[in-house]
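Working notes, beginning with the structure itself.
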Amino acid sequence: MRRQHVGWVAGTAAAVLVAAGAITYAVAEETGGPGPKTPGADSADAGFARDMAVHHQQAVEMSYIVRDRTKDEEVRRLAYDIAQTQANQRGMLLGWLDLWNLPKVSADPPMTWMGMGDMASGKDGALMPGMATNTELKKLQSLSGRQAEIFYLQLMTDHHKGGIHMAEGCVAKCTVGVEKRLAQGMVDAQQSEIDLMAGMLKERGAQAAS
């Protein structure tokens, strides 16, 4: 059953990759014609794109770290799927900012677009809720085998929880339809992966950190 679930996640990742071009084109069409206006730099659409691109980048980094720290095929397969999916989505988010001629960085704190600019302190590199600290990333790099697997699954579970919170914010606040739909897809996919990782942790005699 577990292998079928991981296979489903892999299939979902492949589907996201195939759909990327169509989604980017749809955003260009939706904001470039007589329809909705291009979002502003302070909009939820732009804020989500900027913040989630940063959030995703760390997930990609953690996933490639654990692939080098374990030989377990189930964990390596999950890590590869997460890295590929989130790297692709990150490219789309940054591409939309280019299409909208908006900056990829902001002087405002992360999550300001959600009215939560003071939620994350940025201490030790954790710029947004769910993000691992620099200390935690170094610890992951120092572990191997089952210890690395467990710590990665715990970090990624927290990371996904933070990502879901942000994506739900976009579903509620963003105005570009395809971006809202992508955000909802993130919520659904990452919740499925949280459920999968809970089972993987249980098999290793562990549980989520929070």
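If you go through the range 117-131 one residue at a time, do you hit one that is surrounded by fewer than 18 Cβ atoms within 10 Å (Cβ to Cβ) and either modelled with pLDDT of 95 or more or closer than 16 Å to residue 187 by Cβ (or both)?
Within the range 117-131, not a single residue is surrounded by fewer than 18 Cβ atoms within 10 Å (Cβ to Cβ) and either modelled with pLDDT of 95 or more or closer than 16 Å to residue 187 by Cβ (or both).
With the condition kept exactly as written, say whether any residue in the range 194-204 is farther than 23 Å from residue 54 by Cβ, among the aliphatic types (A, V, I, L, M) and open to solvent by 40 Å² or more (accessible area, probe 1.4 Å).
yes
So, of the residues in the range 141-161 that are open to solvent by less than 10 Å² (accessible area, probe 1.4 Å) and within 15 Å of the chain's Cα centre (by Cα), which turns out to be nearest to residue 206 (Cα to Cα)?
Once the filter is applied, the top-ranked residue is 153.
Given the criterion under 25 Å from residue 40 (Cβ atoms), small (Gly, Ala, Ser), assigned to a helix (DSSP H, G or I) and in contact with a helix residue (DSSP H, G or I) (Cβ under 6 Å, 6 or more places away or on another chain), identify the matching residue among 91, 95.
Just one listed residue meets the conditions, 95.
Which condition number in (1) touching a Pro at 6+ places or on another chain (Cβ under 9 Å); (2) open to solvent by less than 20 Å² (accessible area, probe 1.4 Å) is the one that residue 186 fails?
Of the numbered conditions (1) touching a Pro at 6+ places or on another chain (Cβ under 9 Å); (2) open to solvent by less than 20 Å² (accessible area, probe 1.4 Å), the odd one out for residue 186 is (1).
Tell me which residues, restricted to the range 166-180, are open to solvent by 20 Å² or more (accessible area, probe 1.4 Å) and either small (Gly, Ala, Ser) or out of contact with any Lys or Arg (no Cβ under 8 Å at 6 or more places or on another chain) (or both).
168, 172, 173, 175, 180
What's the total number of residues in the range 58-99 that are open to solvent by 10 Å² or more (accessible area, probe 1.4 Å), hydrophobic (A, V, I, L, M, F, W, C) and more than 30 Å from residue 141 (Cα to Cα)?
Number satisfying all stated conditions: 1.
Could you give every pair whose Cβ atoms fall below 6 Å, whose first residue belongs to the range 47-63 and is within 12 Å of residue 155 (Cα to Cα), and whose second residue is crowded, with 24+ Cβ neighbours inside 10 Å and polar (S, T, N, Q), counting only separations of at least 6 or pairs across chains?
59/86
Have a look at 102, 78 and point out the one that is in contact with a Ser or Thr (Cβ under 9 Å, 6 or more places away or on another chain), at pLDDT 95 or above and not in a helix (DSSP H, G or I).
102
The values are calculated or read from the model by the stated rules, or taken from the named source; none is laboratory data. Nothing here was measured: the structure is a model prediction, and the numbers come from that model. Please note: Cβ atoms are built from the backbone with ideal geometry, for glycine as well, and neighbour counts cover all protein chains shown. With ligands, DNA and RNA removed, areas are computed over all heavy atoms of the protein, side chains included. Shrake-Rupley method; radii C 1.70, N 1.55, O 1.52, S 1.80 Å.
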